[in-house]
Amino acid sequence: MSEQAKTEQPNPPDGPNAAPAPRKAVASLSAYLPTVTLAIASIVLALLVGAVLIIVSNDDALSKFSYFFSAPLDGIKAGLNAVGDAYWALLKGSVGSGAALRGTLEKAAPLICGGLGVSLAFRAGLFNIGAQGQLIAGATAAAYVGFTWNLPVVLHLLAALVAAMVAGGIWGGIVGLLKAQTGAHEVILTIMLNYVALQILRWLLNLNAFQAPGSDNPTSPLVDSDARFPQLFGVHLGFYVALLAAVGVWWLLSRTTLGFEMRAVGANPDAARTAGMSVAKAYVLAMVVAGLLAGLAGAQQIVGHQDPLTDGIAGSIGFDSITVALLGRATPSGTVLAALLFGALQSGGIQMQAATGTPLSLSTVLQALIVLFIAAPALVRSIVRIRSQDGAGTVLAKGWNA
Amino acid sequence: MSTLEATTADAPAVVVRNPVETRRRIRVGVIVGISTLLMLWMLLTTKGGDVSFAPTSPFDENQLSPITFPAQQTALISLIIVAALGLACVFTRGAVGVALGFLVGVAFLLGFLCWAYAGQPLPITNPLKGTLSYATPLIFGALAGALGERAGVINIAIEGQFLAGAFAASVSATVFGNYMGLIGGAAAGVLIAALLALFAIRYLVNQIVLGVVLVVFAGGITSFLLDQIPQTKQLTLNNPVVLQPKAIPGLSNIPVVGPALFTQTVLVYIMYASVVLVTFLLFETKWGLRVRAVGEHPTAADTVGIKVRWVRWQAVLLGGVFAGLGGAFFTVGTNGAFDKDISAGNGFIALAALIMGRWHPIGATLAALFFGFVFQMQNQLQLLQRIPSELLGMTPYIATVIAVAGFVGRVRPPAADGEPYVKG
């Protein structure tokens with residue numbers, strides 16, 4: 001075991017300075033290969049564990065397993081059938097048809113934006129649990145602009161998006177500012193601000209200005225049709241906006257001075273300070289941009305769907321964004337891929353529930369298991385025997401001391 | 001102490017005025033200024049008449065007559081106290097500063113209550129019992145966190161342990177009787193703790209990643225299992241009898257405090273004992289010294305022959321017992337049947353309490369009681385409808401932000417917290 005551990009952690013665990021090292025992998029495509037095998041192996045393992053849950057939840061298979069020792073084939077056959085049906089429905093519901101694919105991509109779009117926000121903060125050494133609150137702030141602003149203002153076609157959508165990003169950015173910026181000025185821990189601040197944002201939204205939804213005319217429900221009117229994302233190649237524009245955001249984050253992190261400073265501060269704030277960088281500035285700006293991206297995710301929920309603003313508008317996207325960012329190892333490209341996978345699981349999960357009665361919560365379990373396995377390369381290798389190469393273990397967030 | 005550390009890091013040149021201290025003064029000054037203005041506004045809008053405080057609830061045996069005081073005068077006095085002591089607080093540090101800050105908080109609360117309750121027929125009820133009820137799971141969770149993190153394993157998965165504990169407690173209490181529920185809850189907490197320990201210690205998974213994943217996992221698996229219980233079987237599988245309060249003879253007769261603290265369920269008594277036990281274990285025993293050693297400097301601990309990974313396993317698993325009991329509080333302790341996401345983010349608040357309490361069981365308990373108190377006040381004030389309940393609902397969280405950003409500031413976690421140990 002200890003040998004295994006040694007090989008897979010080339011950077012001794014005591015080195016927060018180790019963070020930028022895995023980026024070297026970007027240099028050559030072949031360096032990605034073990035990571036890809038690892039990812040596939042993790043997904044397969046997660047699906048295997050999920051299969052056990054499906055069998056347990058399937059009455060037919062369970063009843064046949066009860067006489068397993070007298071006729072084992074019956075049980076195995078029924079079990080395989082149940083698993084096959086469920087996963088087939090999952091696959092069909094995620095990529096099986098144009099509509100399914102569209103559902104996947106549109107579910108992935110807010111996850112990409114939110115995940116990018118969490119990723120970016122990670123790179124600056126901040127653990128941003130606040131995507132949920134920033135998303136709520138963004139969704140609220142986008143909805144308000146969307147259903148109250150009257151603007152020409154393109155401008156209206158732009159105004160809604162900008163409003164969402166500003167609101168999210170402010171909500172994230174508060175955290176960065178407090179962290180930089182007072183040293184308060186961002187984990188506490190973001191958790192608390194998530195609740196504050198939700199309560200403010202609930203309060204706003206009780207005001208007449210936010211309620212659909214003639215209704216007393218805490219539900220806003222729908223946004224104007226000219227403030228919605230138009231369809232482009234079968235998917236709404238928001239998906240492309242999300243991809244654009246990913247490119248933007250990549251550019252910011254790897255091609256700008258500010259991005260370099262953020263990464264330096266994330267790797268070792270003391271060293272960055274000694275080198276003359278402003279840690280406070282990096283924290284504040286990282287949180288502003290993170291909030292901005294999460295705000296964009298919130299806008300996606302409003303202008304990308306036909307849904308009004310309610311207090312459940314953020315769903316679990318804020319928290320899923322964290323897992324997406326972790327799965328994507330806090331890189332923009334990884335985040336996009338992880339969000340696509342989660343989008344597929346969620347979109348397909350609905351189909352799976354409808355077709356086979358397997359609860360949607362199985363998708364949640366699968367998501368957690370995939371991230372868990374990917375984060376534990378040593379475990380996966382010991383099961384699947386993949387050649388160990390680069391430091392596939394994620395080193396993105398260190399501890400509280402980051 | 002933390003300011004001292006920050007000083008060495010923050011001040012590049014020799015300066016007469018300590019910049020960290022200046023910043024602290026500005027911070028505290030801003031908070032005091034805002035609170036004074038807020039209180040002035042409240043004083044001007046406080047209605048005439050009396051406010052009364054009922055120390056005993058109508059259900060208690062020994063009734064005490066309510067204390068009545070004039071609203072406007074009390075509000076004025078508390079305004080003066082906030083302004084004067086607040087000013088003093090800006091210029092004092094250390095224990096005196098903390099004590100002054102506490103008094104300012106109390107005076108602010110008093111003024112606020114006068115504003116809220118003046119002209120209302122309702123008395124201010126004793127918040128002690130409600131505070132304790134909100135705080136109990138938080139304390140359990142924070143103890144679990146303290147044990148793990150003192151040993152160097154970050155535990156963000158408290159929420160996940162709560163969910164698993166709550167579910168297992170509900171089912172085992174329904175099937176085997178409600179005391180078995182506590183054991184079931186603790187066992188489920190240990191199970192999640194074992195996953196945490198396995199992946200963090202054995203497979204060196206990043207512990208923040210792991211914690212978040214375990215929360216998602218526990219949330220998913222408990223709702224999956226709940227979905228597996230058909231409606232027809234809900235009553236035989238997920239319908240526990242809630243624990244009943246039991247009065248401790250003698251202690252429960254103490255006026256005011258007695259009924260609140262000593263007429264409680266077994267789970268609350270276990271919580272009292274757990275706080276003492278964890279503090280004792282961590283700071284008075286050889287084992288505790290080892291736990292803290294592997295959390296601060298695992299290499300040094302290894303050199304003197306302590307089995308780092310094994311000690312970490314023990315600490316995390318023991319923490320699981322408490323977190324599981326905290327989860328049990330949500331089902332057998334209060335609500336009864338398990339429902340999806342029953343702990344509603346309390347695990348994260350327990351984590352916040354742990355950090356606010358600076359990774360010390362007593363500090364974390366006090367922080368949890370603070371949260372409990374604010375939740376309870378919010379709950380009581382909701383009846384008055386002077387403030388929209390949604391805005392009132394965010395006061396606990398705002399209070400935390402103010403407490404963390406204004407007074408607690410930078411905290412120092414155990415040095416090796418979150419860093420896996422590889423024998424080298």
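Against the condition closer than 24 Å to A:MET287 by Cα, under 22 Å from the mean Cα position of the chain (by Cα), modelled with pLDDT of 90 or more and within 14 Å of chain B (Cβ to nearest Cβ), how does A:ALA137 come out, does it pass? Answer is yes for this residue. Restricting attention to the range B:340-356, does a residue exist that is surrounded by 24 or more Cβ atoms within 10 Å (Cβ to Cβ), of a type outside the set (S, T, N, Q), part of a helix (DSSP H, G or I) and more than 14 Å from chain A (Cβ to nearest Cβ)? No, the range B:340-356 contains no residue that is surrounded by 24 or more Cβ atoms within 10 Å (Cβ to Cβ), of a type outside the set (S, T, N, Q), part of a helix (DSSP H, G or I) and more than 14 Å from chain A (Cβ to nearest Cβ). Within the range B:210-221, is there a residue that is touching a residue at least 60 places away in the same chain (Cβ under 8 Å), away from every other protein chain (no Cβ under 14 Å) and buried (at least 24 other Cβ atoms within 10 Å of the Cβ)? Among the residues of the range B:210-221, not one is touching a residue at least 60 places away in the same chain (Cβ under 8 Å), away from every other protein chain (no Cβ under 14 Å) and buried (at least 24 other Cβ atoms within 10 Å of the Cβ), which makes the answer no. Selection within the range B:280-311: residues that are surrounded by 17 or more Cβ atoms within 10 Å (Cβ to Cβ) and of a type in the set (Gly, Ala, Ser). The member of this set that is farthest from B:ILE362 (Cα to Cα) is B:ALA301. Is it fair to say B:VAL332 is out of contact with any strand residue (DSSP E or B) (no Cβ under 8 Å at 6 or more places or on another chain) and either outside any helix (DSSP H, G or I) or at pLDDT below 85 (or both)? The answer is no for B:VAL332. Taking the criterion of being without any contact (Cβ under 8 Å) to a residue 12 or more places away in the chain and within 30 Å of A:LEU327 (Cα to Cα), the residues of the range A:120-178 that qualify are A:VAL162, A:LEU178. No other residue among A:LEU296, A:LEU244, A:LEU292 is over 30 Å from A:ALA212 (Cα atoms) and hydrophobic (A, V, I, L, M, F, W, C) apart from A:LEU244.
Among the residues of the range B:222-244, those identified as among the polar types (S, T, N, Q) and within 8 Å of another protein chain (Cβ to nearest Cβ) are B:SER223, B:GLN228. Only residues that are assigned to a helix (DSSP H, G or I) and within 11 Å of chain B (Cβ to nearest Cβ) were counted in the range A:181-228, giving 22.
Within the range B:357-390, restricting attention to residues that are within 11 Å of chain A (Cβ to nearest Cβ), buried (at least 18 other Cβ atoms within 10 Å of the Cβ) and without any contact (Cβ under 8 Å) to a residue 24 or more places away in the chain, the residue that is nearest to B:ALA260 (Cα to Cα) is B:GLN378. When B:ALA293, B:ALA300 are checked against the criterion of being in a helix (DSSP H, G or I), within 14 Å of chain A (Cβ to nearest Cβ) and under 20 Å from B:ASP417 (Cβ atoms), a single residue qualifies: B:ALA300. Surrounded by fewer than 20 Cβ atoms within 10 Å (Cβ to Cβ), assigned to a helix (DSSP H, G or I) and at pLDDT below 85: which single residue out of A:ILE374, A:ILE383 fits that description? Among A:ILE374, A:ILE383, only A:ILE383 is surrounded by fewer than 20 Cβ atoms within 10 Å (Cβ to Cβ), assigned to a helix (DSSP H, G or I) and at pLDDT below 85.
Would you confirm, using the coordinates I've provided, whether A:LEU362 is part of a helix (DSSP H, G or I), within 14 Å of another protein chain (Cβ to nearest Cβ) and either of a type in the set (Asp, Glu) or crowded, with 24+ Cβ neighbours inside 10 Å (or both)? Answer is yes for this residue. Residue under question is B:ALA194, and the condition is that it be under 23 Å from the mean Cα position of the chain (by Cα) and surrounded by fewer than 21 Cβ atoms within 10 Å (Cβ to Cβ); does it hold? Judged against the criteria, B:ALA194 is not a match.
The values are calculated or read from the model by the stated rules, or taken from the named source; none is laboratory data. Everything numeric in this text was worked out from a predicted model, so none of it was measured. So basically every Cβ, Gly included, is an ideal-geometry build from the backbone, and we count neighbours across all protein chains shown.
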